[in-house]
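Chemist: Would you mind keeping the following structure in view while I ask a few things?
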Amino acid sequence: MKISVVIPVYNKADYIDGCLECLLQQDLDSFEVICVCDGSTDNSGDICDQWAAKDLRIRVIHKDNGGVTAARRRGVEEAQGEYVMFVDADDKLLSGALTTMYQAIEQSQADEVIATFTTHEGVPSPVVYQGFTPVEPLIKTIITSKNRFPVLWSIIFRRELLTDVLDIPREIIEGEDKLMQVKVLMKQPKVFFIPQPVYCYTLGVPNSRRHTLEREQLYDQLLLQTLGQHATDYADALTLHKLKEYERFIYDGVYTVRKAYYKSAIGKPSSAIPLYDRLVFALPPVLARPVIKLYRTFINIKQKGL
């Protein structure tokens, strides 16, 4: 078996048909699709079972709800492929994606290959890197949320590379993909980038995630544990990560987080931190909020090219 495609499925009845249809149209001669139905309350699991009854390349695993990371972990445990790719149930693979990824990782002999993607509206992602790339700058950009490349989907992994990286607690329901990729990169794998788009990402799918201080504190602890003895090498990146989360809270009008956590957790940012972030943190929250709103408006206008 060349590739195992792992799909965590939770309440995606409106999307899973399209996801599976695109997968079964792939032209690679040896792959499997593992749908891990994570205790859905809609008929997502029944739809997956119907597809599996029609095509032996699909296997369906039903389990009690344990969160997306646990679902991915179960899929990897069941995988028979030499390589693993992850697809979200509300997204799709583009035509020829599996062949493109398989050829890239076989020819490069990399441990993971990262491609590009398009949105469901056809907007392509940027080509940020090409060829073999050191892991240190990748880790820094992921920690600070400045990555413009995929961190989980649109990637093919050697299956053994995923050992012990899918142990993120279910409380982490946002950014778990970034944390998983940091865990992977700390193993110092050979990472190879290709410019071809292989994945279609669906924008605007509703979710019920809430930004909570308890979750962010746990996330910071897990990041620190993942970096281990190398945490000092990423000190500024960790500080900038905390600042960006702090700014999210202030933007939402949650001022209490400064005294409750961020004032002591961040301290005095070094001069390596961008001036904007240092300025926002130096201001009282009530004054920082309009600055953050203005800055975000400017960035949105700039990104739209208006």
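Chemist: Using the structure shown, decide if ILE47 is more than 21 Å from VAL191 (Cβ to Cβ), crowded, with 21+ Cβ neighbours inside 10 Å and out of contact with any Ser or Thr (no Cβ under 6 Å at 6 or more places or on another chain).
Modeler: yes
Chemist: While we're looking at this one, here's another question. Please determine whether any residue of the range 275-292 is in contact with an Asp or Glu (Cβ under 7 Å, 6 or more places away or on another chain) and free of Cβ contacts under 8 Å to residues at least 60 places away in the same chain.
Modeler: Checked against the condition, which is being in contact with an Asp or Glu (Cβ under 7 Å, 6 or more places away or on another chain) and free of Cβ contacts under 8 Å to residues at least 60 places away in the same chain, the range 275-292 yields at least one hit.
Chemist: Quick check on my filter: what residues within the range 133-184 are open to solvent by 60 Å² or more (accessible area, probe 1.4 Å) and basic (Lys, Arg)?
Modeler: If the condition is that a residue be open to solvent by 60 Å² or more (accessible area, probe 1.4 Å) and basic (Lys, Arg), then LYS140, LYS146, ARG148, ARG159, ARG170 are the ones that fit.
Chemist: With respect to VAL5, is the statement that it is open to solvent by less than 30 Å² (accessible area, probe 1.4 Å), closer than 27 Å to THR118 by Cβ and either over 19 Å from the mean Cα position of the chain (by Cα) or touching a residue at least 60 places away in the same chain (Cβ under 8 Å) (or both) true? Step through it out loud before you land on a result.
Modeler: Values: open to solvent by less than 30 Å² (accessible area, probe 1.4 Å): yes; closer than 27 Å to THR118 by Cβ: yes; either over 19 Å from the mean Cα position of the chain (by Cα) or touching a residue at least 60 places away in the same chain (Cβ under 8 Å) (or both): yes.
Yes.
Chemist: Exactly one of these conditions fails for GLN196: (1) closer than 19 Å to LYS146 by Cα; (2) in contact (Cβ under 8 Å) with a residue 60 or more places away in the chain. Give me its number.
Modeler: Looking at each condition in turn, GLN196 falls short on (1).
Chemist: Among the hydroxyl-bearing types (Ser, Thr, Tyr) and either exposed (fewer than 15 other Cβ atoms within 10 Å of the Cβ) or closer than 19 Å to LEU166 by Cβ (or both) - does that describe any residue in the range 81-97?
Modeler: yes
Chemist: Tell me which residues, restricted to the range 153-187, are free of Cβ contacts under 8 Å to residues at least 24 places away in the same chain and farther than 21 Å from PRO137 by Cα.
Modeler: As a first pass, look at the range 153-187 and keep what is free of Cβ contacts under 8 Å to residues at least 24 places away in the same chain: 160, 163-165.
Passing the criteria: GLU160, THR163, ASP164.
Chemist: Can you find a residue that is basic (Lys, Arg) and either surrounded by fewer than 16 Cβ atoms within 10 Å (Cβ to Cβ) or free of Cβ contacts under 8 Å to residues at least 12 places away in the same chain (or both) anywhere in the range 252-266?
Modeler: Checked against the condition, which is being basic (Lys, Arg) and either surrounded by fewer than 16 Cβ atoms within 10 Å (Cβ to Cβ) or free of Cβ contacts under 8 Å to residues at least 12 places away in the same chain (or both), the range 252-266 yields at least one hit.
Chemist: Next question, about the same structure. Could you please find all residues in the range 100-116 being open to solvent by 10 Å² or more (accessible area, probe 1.4 Å), in a helix (DSSP H, G or I) and touching a residue at least 24 places away in the same chain (Cβ under 8 Å)?
Modeler: THR100, TYR102, ALA104, SER108
The values are calculated or read from the model by the stated rules, or taken from the named source; none is laboratory data. Computed from a predicted structure; not experimentally measured. Don't worry about glycine lacking a Cβ; one is built from the backbone with ideal geometry, like all the others, and counts go over all protein chains shown. The accessibility values were calculated without ligands, DNA or RNA, using every heavy atom of the protein model including side chains. Shrake-Rupley method; radii C 1.70, N 1.55, O 1.52, S 1.80 Å.
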